[in-house]
Every structure is written in C-alpha cells, then in structure tokens.
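To start, the structure under review is shown below, and the notes come after it.
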Amino acid sequence: MKTAAILLAGGSGRRMAGALPDKVLAPAAGRPVIARSLAALADSGCIDFLVIAHRDDAQRRDIEPWLEKTGWTPARAAWTRGGAERQDSVSAGFAAIPDSIETVLIHDAARPLIRPGQIRELTDLVNRHGAAALCHAVVDTIKELPEAGAADPVFLRGLDRRRLRAMETPQGFQRDLLARMVAFVAEHRLAVTDDAAACEALGHPVALLENPHPNPKLTTPDDLALIEFLLHHVS
C-alpha cells in the first residue's frame, strides 16, 4: 500500500502565552525541530508522499531547504496552508494527497523525537486495522473534577491509570476512513485535539501502539530544553 504523511507545521499563528515564536523552526541540537520529523519520516522507508501544512510563506521558505537535506525530493512533497484549527489543517493536507495513496499518517512537527521504527510499526497497524495511534501509559495519579476549573474544595474521582493512555503522533488511517472522518468533523463542526477523536466519533476502533521512547510535544522553552537533553543523552 502507498502511504502518505501529513506533517502539521503550523496553523493560524495563534499561540499560548510563553510559547516559542515558531516551535517547528526552533533549533534542537543543531537542526530545526521540523528537520528531525522530516528525517524520521524519510528514514522509515514507508512514506511515499509528504504534505506539509505550513503557517505562511515565511515559514515555508525556512522549511524548504531542509526537505532535500532530509531525503525529500520536490516530486514527493506538497505544501498546503494550515488552518485556524487542527481539523482545518488536516482537511487541507488530505485534499493535497494524490489519489494513489491508500494510507495516511498525521504527525505534529512539534514532536521531533519520533523514530523511524515507530513509523513503520504504526503503518503496519493501520494497514491491518484501519486506524492506529501512538501513545504512552500515564504514570501520574489522575483525578477528575466534578466541574472544569473548580476553585473551592471538591469531591474528587480517581481514575484507574492502568486504563489511561496519553495520545501522541503519528496517528494513521486508511484513506477511505480518513475521508469519512474529515467530512464528519466538518459536518458536525467538531473541535478535536487529536485525530483519533474524530475516529471515535465515527464509532471506528483505533489500534494503539505504545511508544517505549520519549516523544514529547514542544510548546514552551522548557520543553525545548528537555528535548535537547533527550537528543544528547537518550540513544
């Protein structure tokens, strides 16, 4: 099966307070963060086509030199503008994928520690089950509040962390399923924080691949310090 990857590099340009100006272009141990995702996708050997959902022309100009440096020729890559929300960027990226592609992986460029082996394993799971997502076990004790943002003392409900998983990317889907997901999210005006949520909304099961390696998402300067430490000290 031919496989494509949608690499989410930027959306509307909005960011939370204290966030990096452009996290995917931040230097991490000598290379921009996005270059590490580009290299991992190329080195996996299972991605036939790449779509980069970028924020604006300036960001695209800064990313472009790293395509061929990480193994991507212009014939195997396309660009699309990211949208105001995650689902808008995914929809735009999906529209840019050639008709010959049968499987699609979606990856946040702000997760630079993804490894080629996990990409290959995830692709295999998608081809067998239709949908798959990378995740890791939750190690903290998690409590559920009776209402969001409660400031006064409340009765807490403990959740069984043995059943909890924190979702990562890539997440992958067979083309026909992803097409239905994109249409469903648009029709019902859903806001989803990860792509598996759209799959859940359709009632389709998702195979989980537990990642034994750290794969944090870069948002703040503290995250960048952690990622640089991991790049230097974790094999």
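The values are calculated or read from the model by the stated rules, or taken from the named source; none is laboratory data. Since this is a predicted model, take the numbers as computed values, not measurements. Virtual Cβ from ideal backbone geometry, glycine too; neighbours counted across all protein chains shown.
Listed residues Ala95, Ala84, Ala110, Ala39; which is of a type in the set (Gly, Ala, Ser), in contact (Cβ under 8 Å) with a residue 12 or more places away in the chain and within 18 Å of Arg175 (Cα to Cα)? So that I can check it myself, show each step before the final result.
Working: Ala84 fails: within 18 Å of Arg175 (Cα to Cα); Ala110 fails: within 18 Å of Arg175 (Cα to Cα); Ala39 fails: within 18 Å of Arg175 (Cα to Cα).
Answer to the check: Ala95.
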Within segment 35-55, can one find any residue that is assigned to a loop (DSSP other than H, G, I, E, B) and within 19 Å of Thr220 (Cβ to Cβ)? yes
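Quick test for you: out of Ala137, Ala197, Ala186, Ala166, pick the one residue that is of a type in the set (A, V, I, L, M), under 19 Å from Leu105 (Cα atoms) and touching a residue at least 12 places away in the same chain (Cβ under 8 Å).
Details: Ala137 fails: under 19 Å from Leu105 (Cα atoms); Ala197 fails: touching a residue at least 12 places away in the same chain (Cβ under 8 Å); Ala186 fails: under 19 Å from Leu105 (Cα atoms).
On inspection, the qualifying residue turns out to be Ala166.
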Search result, residues across segment 112-148 that are modelled with pLDDT under 95 and in contact with a Phe, Trp or Tyr (Cβ under 7 Å, 6 or more places away or on another chain): Pro146
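In this structure, is Thr80 surrounded by fewer than 16 Cβ atoms within 10 Å (Cβ to Cβ) and among the hydroxyl-bearing types (Ser, Thr, Tyr)?
Values: surrounded by fewer than 16 Cβ atoms within 10 Å (Cβ to Cβ): no; among the hydroxyl-bearing types (Ser, Thr, Tyr): yes.
So Thr80 does not fit the description; no.
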Among what's in segment 218-235 and is charged (D, E, K, R) and surrounded by 15 or more Cβ atoms within 10 Å (Cβ to Cβ), pick the residue that is farthest from His107 (Cα to Cα). Glu228
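Only one of Gly172, Gly203 is farther than 17 Å from Gly83 by Cα, crowded, with 17+ Cβ neighbours inside 10 Å and of a type outside the set (Ser, Thr, Tyr); which?
None of the other options fit; the residue is Gly172.
Could you tell me whether segment 100-115 includes any residue that is more than 14 Å from the chain's Cα centre (by Cα), of a type outside the set (S, T, N, Q) and under 29 Å from Ile34 (Cα atoms)?
So the first thing to find is which residues in segment 100-115 are more than 14 Å from the chain's Cα centre (by Cα), and the list is 100-103.
The next check asks that each one be of a type outside the set (S, T, N, Q); those that pass are 101-102.
Checking which are under 29 Å from Ile34 (Cα atoms) leaves us with 101-102.
Looking through segment 100-115, at least one residue is more than 14 Å from the chain's Cα centre (by Cα), of a type outside the set (S, T, N, Q) and under 29 Å from Ile34 (Cα atoms).
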Across segment 149-194, the tally of residues that are under 19 Å from the mean Cα position of the chain (by Cα) and modelled with pLDDT under 95 stands at 5
If you check Leu208, Leu190, which single one turns out to be part of a strand (DSSP E or B) and closer than 25 Å to Glu144 by Cα? Leu208
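I'm trying to understand the selection: among the residues of segment 92-111, which are over 20 Å from Ala40 (Cα atoms) and surrounded by 22 or more Cβ atoms within 10 Å (Cβ to Cβ)?
Let us first name the residues in segment 92-111 that are over 20 Å from Ala40 (Cα atoms), namely 92, 94-96, 98-100, 102.
Residue satisfying the conditions is Phe94 alone.
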